[in-house]
């Protein structure tokens, strides 16, 4: 790829820039870094560079105030397509915190969500590992180059994540982790996700930065409560006092996300790259047949769907969301209506 093609990929083409900033932005390109990036891209088939205008760029991340102009992705790039929930928390987790993170990550993964975190020691790592063990999709956002393993103890986890998910960074390959990178990393973690779950956060925890960013991005924030004596739960308690949803299990999260705004549903349609005209061509998911039969062509309440289908409410909310994404049902005031026959 030559310089002109590079400029086009990185959105530095002169016609796309205000005249006053053209020369400044072009001059800021470090072509040594560019050469290094192309070397990295050519090393393996699972190395990807996704620019802001790329169809694979995650739409939810695209909507934040300052989305990265490009993402380096290592692993299964299609892992970016599943609706995601972030799980973050203390690096010095307790055994209970580790179990909580693992259980939530595993259960949410089983319901079809990807799990996004920062691959840090502690809660991040516990969440990633649980998803990998469950053969689910997990996304690790780094505060360094995508080819730099940090912390080094997570080398095997770094490799395992790429089997079904991916490693993501906005930083150029070979860039080392420094303190100033992690707040930038955190905005990507929350920006990729429908909601952020905080586990075992002290009042000065970096996880609270992610939670604040999620709020600023108009995303849901969830917090797991704990002991009122132990200091490493105080940040979570403060979040709950300020409006975060208290979480005891995955059902609490799914219940909240089951009431997604129409805006977020549109973004999810885009994430799956399915046009409205293509919905009718999708095969009907047979495992959802009993639930679809519980939704009428007139307004049907969620309670009525639960009673008729005999399924637990957390599963009903997930399956209704899947049916809505595929165009089988629609949200209306008071519940759902069926749109077509299977």
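The values are calculated or read from the model by the stated rules, or taken from the named source; none is laboratory data. A quick note: this is a predicted structure, and the numbers were derived from the prediction, not measured. Cβ coordinates were reconstructed from backbone atoms using ideal geometry, including for glycine residues, and neighbour counts include every protein chain displayed.
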(request) Report the residue count in region 136-145 for those that are free of Cβ contacts under 8 Å to residues at least 60 places away in the same chain and more than 18 Å from the chain's Cα centre (by Cα). (result) 1
(request) Please verify whether region 291-312 includes one or more residues that are at pLDDT below 80 and either buried (at least 16 other Cβ atoms within 10 Å of the Cβ) or in the same structural domain as residue 83 (by TED's automatic domain parsing) (or both). (result) no
(message) Quick check on my filter: what residues within region 173-191 are part of a loop (DSSP other than H, G, I, E, B) and surrounded by 19 or more Cβ atoms within 10 Å (Cβ to Cβ)?
(response) 173, 175
(message) So for region 229-236 (the condition being touching a strand residue (DSSP E or B) at 6+ places or on another chain (Cβ under 6 Å) and either in the same structural domain as residue 119 (by TED's automatic domain parsing) or closer than 18 Å to residue 98 by Cα (or both)), does at least one residue qualify?
(response) yes
(request) Collect the residues in region 201-223 that are part of a loop (DSSP other than H, G, I, E, B) and modelled with pLDDT of 95 or more, keeping them in residue-number order. (result) none
(request) Starting from residues that are out of contact with any strand residue (DSSP E or B) (no Cβ under 6 Å at 6 or more places or on another chain) and touching a residue at least 60 places away in the same chain (Cβ under 8 Å), keep the ones in region 146-163 and report whichever is nearest to residue 109 (Cα to Cα). (result) 163
(request) Within region 107-127, track down each residue that is assigned to a helix (DSSP H, G or I) and modelled with pLDDT under 95. (result) 107, 108, 109, 110
(message) Whether any residue in region 34-42 is loosely packed, with under 15 Cβ neighbours inside 10 Å, over 20 Å from the mean Cα position of the chain (by Cα), at pLDDT 95 or above and more than 21 Å from residue 212 (Cβ to Cβ) is what I want to check.
(response) no
(message) Return the residues of region 126-144 that are surrounded by fewer than 24 Cβ atoms within 10 Å (Cβ to Cβ), over 16 Å from residue 76 (Cβ atoms) and touching a strand residue (DSSP E or B) at 6+ places or on another chain (Cβ under 8 Å); say none if nothing qualifies.
(response) 144
(message) I'd like to check something: does region 103-119 contain any residue that is free of Cβ contacts under 8 Å to residues at least 12 places away in the same chain and either touching a strand residue (DSSP E or B) at 6+ places or on another chain (Cβ under 9 Å) or farther than 19 Å from residue 217 by Cβ (or both)?
(response) no
